[in-house]
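Read the structure below first, then the notes.
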Amino acid sequence: MEEFIVAIELGSTKIIGVAGRKELDGSFSVLATAKEDASTCIRKGIVYNLDKTALCIKNIVGRLETSLKTRVARVYVGVGGQSLRSIKNVVGKDLPANTIVTIDMIDELRDTNRNMPYPDMEILRDAIQEYKVDNQYQVDPVGIPCQHLDGNFLNIVWRKTFYNNLNKCFEMANVKIAEMRISLLALANNILTEAEKRTGCILVDLGAETTSMAVYHKNILRHLAVIPIGSNNITKDIASLNIEEDEAERLKLKYGNGHSNDTAINSSETITVDADRTIKVSEFSAAVEARAEEIVQNVEHQIPFEYNRNLMGGIILTGGGANLKNIDVLFRNITHIDKVRIAKFINQDIHTLDPEIKAQNGLYNTVLGLMVSGDMNCAGNKLTNDLFGPEPQPEEPEEPTQPIITVEVPKAPGYGDNQSVDVVIRPEDLKEEEEEMPRRKGNGMFKRIGNRLGSWLGSLIDEED
């Protein structure tokens, strides 16, 4: 049977679907990709046009199925975008003196936390920070005696409306969701090293309309935030110089600089826009740098104070916006964190013929991170080329419509070994028995089964005679 994993990322400018297979050596082979423009249905990572989003999802799955020649039974979906954020919560429990902490106590704290009411918000994940056992912090408190236990949690929440709309889109597209996962955390698991998580680091995903960040320390997620500005804001600022937006994007990719040396810019130097028009380099650079600085300043503002100077793992940049020249220099200057690296690709070994993935420019990092984190087979039935053939069978076997009882028939002299007989209980038998039960005791249904079995034995004997 075919096996593969399908992941779909709903970004602000595009929806990407990837199907891949895990090989025996632990690497992954990308089997198919599909992409749809999402600019008319998703804004800042949030679905606002359900019909168009459902159509995009349906188109992506359809193209993947055509390439794979197999039905897609389910998909992994990345959740992100505006309103996704983390909230700290502490749940406490008083205990009799010298009570030993048990697993049940820990589960009770987690259940209490998961039931924490957040108006209009859905808890997508609760990240355990530490447990406070009396006055000491412990990662694993089970077996330790105490008289007060606190559970420190980081709840990652998303607006319920957005959550429900996303589910509705997949229902409308008739695509089953295997699991919804937080895109940034799937990305972190495949971008960050264990040393970076342990010593403390910040992952920054520079997207088109949002900038997402996650702070880790001692291998624990400490903070998550989504800032509603991204690299598209730089493009729009360039377009404000009376340039078409498509041309502004091209100029940004070719000439954009997150931190240029002002003294090296010639005031008379120009950039050619088209055959009839040029703009001054100084004006172009000012537009790019002003917005890039605003993005980095917002990231710096989101770093929790207690970790601001305690992140030896540094800053890890990824996403399409990380391709802006000298963006790492700008982060060093504003955050005063010297260690900055740009992650162009995930840590996994990926085999692919797709030129956009092979470019390793950060644009596919999130969807690839979702794919390699999947652990459920997403393959359905094989597609058939027979247009007039039978309908495809259901993915999962249906329950039998009539209960069957297997009866062991004892050996009779001259009639060979014992035989097993499948006796079908018909719906009318069950209905009749249900109607009879209030009026009498006994087991009339099984008596009828016995009678039917007796008739079968009689016919068997007649055949032998």
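The values are calculated or read from the model by the stated rules, or taken from the named source; none is laboratory data. Bear in mind the structure is a predicted one, so any value in this text is a computation, not a measurement. All Cβ positions, glycine included, derive from the backbone under ideal geometry; neighbour counts span all protein chains shown. Note: accessible area is taken over every heavy atom of the protein model, side chains too, but ligands, DNA and RNA are not part of it. Shrake-Rupley method; radii C 1.70, N 1.55, O 1.52, S 1.80 Å.
Protection proxy ranking for 184-193, 353-362, 94-103, using the average of other Cβ atoms within 10 Å per residue and placing the highest first: 184-193, 353-362, 94-103. Modelled label positions at residue 254 and residue 282, each set 7 Å beyond Cα in the direction of Cβ, lie 2.3 nm from each other. The relative contact order of region 73-157 comes to 45 percent, based on Cα pairs under 8 Å that sit 6 or more residues apart.
With 28 Å as the limit on Cα-Cα distance, the pairs of 35/236; 22/52; 160/382; 280/358 that go past it are 22/52; 160/382; 280/358.
Around the amide H of residue 326, modelled in the peptide plane, lie the amide H atoms of 258, all under 5 Å away and 5 or more residues distant in sequence or on another chain.
For residue 132, a cut-off of 24 angstrom between C-alpha atoms picks up these lysines, skipping any fewer than 8 places away in its own chain: 88, 93, 197, 218. Note that region 129-137 has calculated 3J(HN,Hα) couplings of 8, 9, 10, 9, 9, 6, 10, 10, 8 Hz, one per residue in order, obtained from phi through the Karplus relation 6.51 cos²θ - 1.76 cosθ + 1.60 (θ = phi - 60°); glycine and proline are x. Two decimals is fine: what is log10 I(q)/I(0) at q = 0.14, 0.20, 0.24, 0.26 Å⁻¹ for region 335-387, from a Debye sum with one equal scatterer on every Cα and no solvent? Scattering profile of region 335-387, log10 relative to I(0): -0.59, -0.86, -0.98, -1.04.
Placing a label point 7 Å from the Cα of residue 236 along the Cα-to-Cβ direction, the residues of region 203-229 with a backbone N closer than 17 Å are 207-212, 227-229.
Summary value for region 1-146: 19 percent relative contact order, contacts being C-alpha pairs under 8 angstrom separated by 6+ residues.
The distance linking region 277-320 with region 161-186 is 31 Å (Cα centroid to Cα centroid, whole angstrom). Only Cα pairs under 8 Å and 6+ residues apart enter the sum, and on that basis the relative contact order of region 126-216 stands at 18 percent. Among 228-237, 32-41, sorting by the average number of other beta carbon atoms lying within 10 angstrom of each residue, highest first, gives 228-237, 32-41. What is the magnitude of the charge dipole of region 18-156 about its Cα centre, with +1 placed on the Cβ of each Lys and Arg, -1 on the Cβ of each Asp and Glu, and no other charges, expressed in debye to the nearest 20? For this selection, approximately 980 debye.
Annotation: average projected area of region 118-244 is 12.7 square nanometres, based on the convex hull of Cα atoms across all directions.
Spin-label model, residue 384 to residue 95: label points 7 Å out along the Cα-to-beta-carbon direction sit 6.1 nm apart. Using the Cβ-Cβ distance between residue 358 and residue 102 with R0 set to 41 Å, the FRET efficiency works out to roughly 0.20. For region 316-355, the share of accessible area belonging to carbon and sulfur comes to 51 percent (1.4 Å probe, ligands and nucleic acids excluded).
Close amide-amide hydrogen proximity is noted between residue 159 and 122, each under 5 Å apart and 5 or more residues distant or on a separate chain (H modeled in the peptide plane; Pro and chain starts excluded).
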